[in-house]
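Read the structure below first, then the notes.
The values are calculated or read from the model by the stated rules, or taken from the named source; none is laboratory data. Source: prediction; values computed, not measured. Cβ coordinates were reconstructed from backbone atoms using ideal geometry, including for glycine residues, and neighbour counts include every protein chain displayed.
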Amino acid sequence: MNHSTSFVRASQIAQEIGITENTLFRWVELGKFPKPLRLGLRHYVWLRATVDVFFDDKQLEAAEANKDTTNE
């Protein structure tokens, strides 16, 4: 996967994965999603690479969990 130094906003991430921005920020508060970089009072962004790695890891975890349940 190509990890660039671009930034993504909450709206972009939420749209990509089919959730609301409120859900995304709730996940951040619960420690279920990486914390964003704060650019101002109400402006938050994530490094694209951080988001990509997070989802790559989640896919790997899901694949491993699925593999474990199919081998039983």
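The table for this structure:
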read-out	value
Residues within the stretch 28-72 that are in a loop (DSSP other than H, G, I, E, B) and modelled with pLDDT of 90 or more, tallied	10
Of all residues making up the stretch 1-48, the number that are in contact (Cβ under 8 Å) with a residue 40 or more places away in the chain and surrounded by 13 or more Cβ atoms within 10 Å (Cβ to Cβ)	5
